[in-house]
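> My structure is below; once you've seen it, I'll send some questions.
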Amino acid sequence: MTSSVQNESNDNWLKQGYNHFIDIANKITLAIEDGINIAVTSKYNPLYYHGALPQFYLWVLFLSGLLLFAYYVPTIDNAYLSNRLINAWTSVQYITNSIPFGGVIRGIHRYAGDAMVLFIFLHAIRVWFTDRYRQYRWIQWVSGVVLLLMVLFIGQTGYYLVWDERSLLLTRMTVSALEALPIIGAPLKAWFLNGDTITNLTLSNFLFIHIGLSFALLFVLWLHYVRMTRPVITPPPAVNFVLVGILLLAVFLVPITSGKMADLNSQPNTYEVDWFFLFNYWLMSHMSLAVFWVSMTAAAVIATILPWLVKNVSPPVIPAEVVISKCTGCSLCYRDCPYQAIEMVPAPAGSRFKLLATVNIPRCSSCGICVGACAFDAIDLPQLPDANVLSEIKTFAEAK
Amino acid sequence: MAQSKPVITLVCERAADLNSLLDSKGNLAEMPDVHVVKFPCSGMIQPLMIEAALKAGAGGVIVCGCQIGDCYYREGNKMIRDRLLGERPPGLKKATDRRRIMALWLSRMQKQRFIAESKEFIYRVQALDIQEGISAGNKASANPAPTVAAKPAVTAPTAAPVVDSSSTSTPTAATTSAPAAAKPTIRPPTTATTPATEKSSSTPEAESDKTSST
Ligand code: HEM
Ligand code: SF4
Ligand code: SF4
């Protein structure tokens, strides 16, 4: 990041404080990355695959989730159907204890979820600290915030699905939190429980939310990637092996167990907090619901609009310009632009060429990669024309 | 290094932070023969600029971008790396003397590394100059080359453009296997100013079908 200390004197303390904070955060990030580079070379530096890591775990989750889905029964009880109790909790027990490697698959699904959240935070913090989240990148940032909220909610519904005492408690806490909301509270509660009370339909709704939102993630991910050319979504195989290795280590060292089966007539009141997914329940039980909702909403809103709250940290983006008379329509700039900012359009009538490059201004990052791609001197950054660079080079080289 | 030729450094302003090393003219204070041109991203560097520098009499060109994997604009350093290696159009002309080009991928904090690598590079380039001076100028002289040969030995391994080095000194796989580098670089030292294939002035080897309508 270029030095962000170019503030005008009328800057307020908040802005200066923020810039100072980001400056330090950026230096620390760089120092950590340098350290990792020394240890494993830049090719295998996981921080250079910060976006690919959550994506990798997402595939792991889809796969392991599919296997769990094959045996999962989304009901509270089937008392009307048979004498043997088959419900969500017993089906999870069956998966864990009776199906070969069922417990391993369940462990993988749980810990991959935790890892995904961990790496999403790492990813978000890195793009934030290295100033890669504003201006032409706002779609990535905003869709990222949505992705994070979705992933957290999907994870929570995963915890309801097990239907042990913790699931029951979390469901009840959610219901009372929803009830505390004015106007939208009641319909949200009815949607959440799929009725007025906890029934078999509630669990099928949880399963639907869990899986449906997971697939909806793919759509939001498309939004996340749509402005990036060749998004890096797969870490190198060596990194993948390490990631899976760590996952399996956790699975075998700390096997997953369920709590006691949920009993609608009981009042469980303590539970183990999974800090990756359940921290908001912890918050909920440590403050009034009004404070909880206000602070949660404020946090989400601030996170979403952060790219517009922070201004003037670096110079404004001056988009690239195509020299129409020189462009041959070769499309090299179009291929190399990292933010999909170049569109090839039909060349104007009378041109010798078929296509013409045009810059989609709001997408342009002013990086100049298109200048490097163009062999015809047909695209330029107005603030640094390549003709100037060439003459600077020649002047120096010839003067000696 | 009094008689040394000028060296041009084309550097991304987010890579190794050279600001504190520059004099008022944009040259390295420590090595005034090295002129530094800053870019918003190393991906903006055109192979054409490198060729122009060598043609105008520069002894060598240093390209410096961020660590591969950490381009602020996502892909810029990979782009210029691939262009130098001939894996992505537009590339360098065949006649370009690759031994006079060095690419470094250094993070913001690695300016000491930059200085160290540059010194070594300049030394190599000077050795090349001496070598070429002798092979070009001493036909008549009875002196064989051995006295000088002791030093230039350094140049031998660097036939390919040195597009290596992350912060560890091991060249990355991409470097050593540089396929395109193989053909032009092994040739005997041609001077950078060889007229060579000037007419076709760097038409990218990409699909030129679009221009065929003429
Ligand atoms: C499911 C979770 C997520 C996945 C799988 C994901 C994945 C990715 C990937 C693969 C990239 C491309 C990196 C590159 O090729 O340069 C990316 C970029 C980005 N992500 Fe995410 N991301 C996720 C969540 C988030 C979150 C929570 C945020 C922030 C709130 C975020 C903000 C960004 C930004 C700003 C970029 C653009 C970076 C750049 O242009 O250099 N992402 N993401
Ligand atoms: S690379 Fe240059 S000539 Fe080719 S389409 Fe882009 S601007 Fe036109
Ligand atoms: S400067 Fe060129 S390559 Fe960079 S984002 Fe703008 S149009 Fe794309």
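The values are calculated or read from the model by the stated rules, or taken from the named source; none is laboratory data. This one's a predicted model, so the numbers in the text were calculated from it and none came from an experiment. Cβ atoms come from the backbone with ideal geometry, glycine included; neighbour counts cover every protein chain shown. Protein only, heavy atoms only, side chains kept; ligands, DNA and RNA dropped before computing areas. Shrake-Rupley method; radii C 1.70, N 1.55, O 1.52, S 1.80 Å.
> Among the residues of the stretch A:377-394, write down those that are surrounded by fewer than 20 Cβ atoms within 10 Å (Cβ to Cβ) and closer than 16 Å to B:GLU51 by Cβ.
A:ASP377, A:ALA387, A:LEU390, A:SER391, A:GLU392, A:LYS394
> A follow-up question, please. Would you pick out the residues in the stretch A:307-358 that are under 23 Å from A:LEU223 (Cβ atoms) and more than 10 Å from ligand 2 (Cβ to nearest atom)?
The answer is A:PRO307, A:TRP308, A:LEU309, A:VAL310, A:VAL317, A:PRO319, A:PRO338, A:TYR339, A:GLN340, A:ALA341, A:GLU343.
> Does the stretch A:297-311 contain at least one residue that is touching a residue at least 60 places away in the same chain (Cβ under 8 Å), within 16 Å of ligand 3 (Cβ to nearest atom) and open to solvent by less than 70 Å² (accessible area, probe 1.4 Å)?
no
> Moving on to the next point. Kindly establish whether A:ALA25 is at the interface with chain B (Cβ under 9 Å from one of its Cβ atoms), surrounded by fewer than 20 Cβ atoms within 10 Å (Cβ to Cβ) and either part of a helix (DSSP H, G or I) or modelled with pLDDT under 90 (or both).
Values: at the interface with chain B (Cβ under 9 Å from one of its Cβ atoms): no; surrounded by fewer than 20 Cβ atoms within 10 Å (Cβ to Cβ): yes; either part of a helix (DSSP H, G or I) or modelled with pLDDT under 90 (or both): yes.
No, not satisfied.
> Within the stretch A:111-155, work out how many residues are surrounded by fewer than 19 Cβ atoms within 10 Å (Cβ to Cβ) and among the aromatic types (Phe, Trp, Tyr).
Qualifying residue count for the region: 3.
> Would you tally the residues in the stretch B:98-111 being touching a Leu at 6+ places or on another chain (Cβ under 9 Å) and open to solvent by less than 10 Å² (accessible area, probe 1.4 Å)?
Residues meeting the conditions: 4.
> Whether any residue in the stretch B:19-32 is assigned to a helix (DSSP H, G or I), more than 12 Å from chain A (Cβ to nearest Cβ), touching a residue at least 40 places away in the same chain (Cβ under 8 Å) and surrounded by fewer than 21 Cβ atoms within 10 Å (Cβ to Cβ) is what I want to check.
Our first condition is that a residue be assigned to a helix (DSSP H, G or I); within the stretch B:19-32, this holds for B:19-21.
Keeping just the survivors that are more than 12 Å from chain A (Cβ to nearest Cβ) gives B:21.
Imposing the further condition that a residue be touching a residue at least 40 places away in the same chain (Cβ under 8 Å) reduces the set to B:21.
Filter again for surrounded by fewer than 21 Cβ atoms within 10 Å (Cβ to Cβ), leaving B:21.
Checked the stretch B:19-32: at least one residue is assigned to a helix (DSSP H, G or I), more than 12 Å from chain A (Cβ to nearest Cβ), touching a residue at least 40 places away in the same chain (Cβ under 8 Å) and surrounded by fewer than 21 Cβ atoms within 10 Å (Cβ to Cβ).
> Ok, one more. Determine whether B:PHE114 is touching a Gly at 6+ places or on another chain (Cβ under 9 Å), in contact (Cβ under 8 Å) with a residue 60 or more places away in the chain, open to solvent by less than 10 Å² (accessible area, probe 1.4 Å) and in a helix (DSSP H, G or I). Can you show your working first?
Working: touching a Gly at 6+ places or on another chain (Cβ under 9 Å): no; in contact (Cβ under 8 Å) with a residue 60 or more places away in the chain: yes; open to solvent by less than 10 Å² (accessible area, probe 1.4 Å): yes; in a helix (DSSP H, G or I): yes.
No: the conditions fail for B:PHE114.
> Looking at the stretch A:318-327, can you tell me whether even one residue there is closer than 30 Å to A:LEU14 by Cα and of a type outside the set (Val, Ile, Thr)? If you could, list the steps in order and put the result at the bottom.
Taking the stretch A:318-327 as the starting set, the residues that turn out to be closer than 30 Å to A:LEU14 by Cα are A:318-319.
From what's left, of a type outside the set (Val, Ile, Thr): A:319.
Yes, the stretch A:318-327 contains a residue that is closer than 30 Å to A:LEU14 by Cα and of a type outside the set (Val, Ile, Thr).
> Pull up the stretch A:312-325, narrow it to residues that are within 11 Å of another protein chain (Cβ to nearest Cβ) and within 28 Å of the chain's Cα centre (by Cα), then point me to the one that is surrounded by the fewest Cβ atoms within 10 Å (Cβ to Cβ).
A:PRO315
> Here is a further query. Which one of B:PRO47, B:PRO90, B:PRO6, B:PRO40 is open to solvent by less than 30 Å² (accessible area, probe 1.4 Å) and farther than 16 Å from A:ASP336 by Cβ?
Within the list B:PRO47, B:PRO90, B:PRO6, B:PRO40, the selection yields B:PRO6.
> Here's a check for you: in the stretch A:227-254, which residue that is hydrophobic (A, V, I, L, M, F, W, C) and under 14 Å from the mean Cα position of the chain (by Cα) is nearest to the other protein chains (Cβ to nearest Cβ)?
Per the criteria, the residue is A:VAL232.
> Name the single residue, out of those in the stretch A:326-353 being over 17 Å from A:ALA373 (Cα atoms) and surrounded by fewer than 16 Cβ atoms within 10 Å (Cβ to Cβ), that is nearest to ligand 3 (Cβ to nearest atom). Quick ask: steps written out before the conclusion?
First, the residues of the stretch A:326-353 that are over 17 Å from A:ALA373 (Cα atoms): A:345-353.
Now restrict to residues that are surrounded by fewer than 16 Cβ atoms within 10 Å (Cβ to Cβ): A:345-346, A:348-350, A:352.
Working: A:VAL345: 14, A:PRO346: 19, A:PRO348: 20, A:ALA349: 25, A:GLY350: 25, A:ARG352: 23 Å.
Restricting to residues being over 17 Å from A:ALA373 (Cα atoms) and surrounded by fewer than 16 Cβ atoms within 10 Å (Cβ to Cβ), the top hit is A:VAL345.
> A follow-up question, please. Please enumerate the residues belonging to the stretch A:354-366 that are open to solvent by 10 Å² or more (accessible area, probe 1.4 Å) and either part of a strand (DSSP E or B) or not polar (S, T, N, Q) (or both).
A:LYS354, A:LEU355, A:LEU356, A:THR358, A:VAL359, A:ILE361, A:PRO362, A:ARG363, A:CYS364
> Moving on. Suppose we filter the stretch B:55-70 for residues that are more than 8 Å from every other protein chain (Cβ to nearest Cβ) and in contact with a Lys or Arg (Cβ under 8 Å, 6 or more places away or on another chain); how many remain?
Summing the residues that are more than 8 Å from every other protein chain (Cβ to nearest Cβ) and in contact with a Lys or Arg (Cβ under 8 Å, 6 or more places away or on another chain) in the stretch B:55-70 gives 5.
> Taking helices (runs of 4 or more DSSP H) that do not extend beyond the stretch A:240-345, which have at least 3 residues that are assigned by TED's automatic domain parsing to the domain that holds A:LEU161?
A:279-284, A:289-309
> What is the residue count in the stretch B:33-49 for residues that are of a type outside the set (D, E, K, R), more than 30 Å from A:PRO46 (Cβ to Cβ) and at the interface with another protein chain (Cβ under 9 Å from one of its Cβ atoms)?
The number of residues fulfilling the criteria is 6.
> Does A:GLY372 satisfy the condition of being within 14 Å of another protein chain (Cβ to nearest Cβ), small (Gly, Ala, Ser) and either open to solvent by 30 Å² or more (accessible area, probe 1.4 Å) or closer than 25 Å to A:SER143 by Cα (or both)?
Considered against the rule, which asks whether it is within 14 Å of another protein chain (Cβ to nearest Cβ), small (Gly, Ala, Ser) and either open to solvent by 30 Å² or more (accessible area, probe 1.4 Å) or closer than 25 Å to A:SER143 by Cα (or both), A:GLY372 comes out as no.
> Could you tell me whether any residue of the stretch A:99-115 is in contact (Cβ under 8 Å) with a residue 40 or more places away in the chain, near ligand 1 (Cβ under 9 Å from one of its atoms) and either under 30 Å from A:CYS364 (Cβ atoms) or more than 14 Å from chain B (Cβ to nearest Cβ) (or both)? Break it down stepwise before answering.
Narrowing the stretch A:99-115 to residues in contact (Cβ under 8 Å) with a residue 40 or more places away in the chain: A:103-115.
Cutting the leftovers down to near ligand 1 (Cβ under 9 Å from one of its atoms) gives us none.
No, because not a single residue in the stretch A:99-115 is in contact (Cβ under 8 Å) with a residue 40 or more places away in the chain, near ligand 1 (Cβ under 9 Å from one of its atoms) and either under 30 Å from A:CYS364 (Cβ atoms) or more than 14 Å from chain B (Cβ to nearest Cβ) (or both).
> Of the conditions (1) modelled with pLDDT of 95 or more; (2) under 18 Å from B:GLN67 (Cβ atoms), A:TRP59 satisfies every one except a single condition; which number is it?
Result: A:TRP59 passes all but (2).
> Looking at the structure I just gave you, is B:GLY86 more than 8 Å from chain A (Cβ to nearest Cβ), under 16 Å from the mean Cα position of the chain (by Cα), assigned to a loop (DSSP other than H, G, I, E, B) and more than 23 Å from A:GLY51 (Cβ to Cβ)?
Yes: the conditions hold for B:GLY86.
> Output the residues belonging to the stretch B:89-112 that are under 24 Å from B:LEU18 (Cβ atoms), facing another protein chain (nearest Cβ under 10 Å) and of a type outside the set (A, V, I, L, M, F, W, C).
B:SER107, B:ARG108, B:GLN110
> What residue, among those in the stretch A:363-384 that are among the polar types (S, T, N, Q) and within 16 Å of ligand 1 (Cβ to nearest atom), is farthest from B:VAL63 (Cα to Cα)?
Once the filter is applied, the top-ranked residue is A:SER365.
> Given the criteria of a type in the set (A, V, I, L, M) and in contact (Cβ under 8 Å) with a residue 24 or more places away in the chain, does A:ALA387 qualify?
Against the criterion (of a type in the set (A, V, I, L, M) and in contact (Cβ under 8 Å) with a residue 24 or more places away in the chain), A:ALA387 does not qualify.
> Listed residues A:THR229, A:THR257; which is surrounded by fewer than 17 Cβ atoms within 10 Å (Cβ to Cβ) and polar (S, T, N, Q)?
Answer to the selection: A:THR257.
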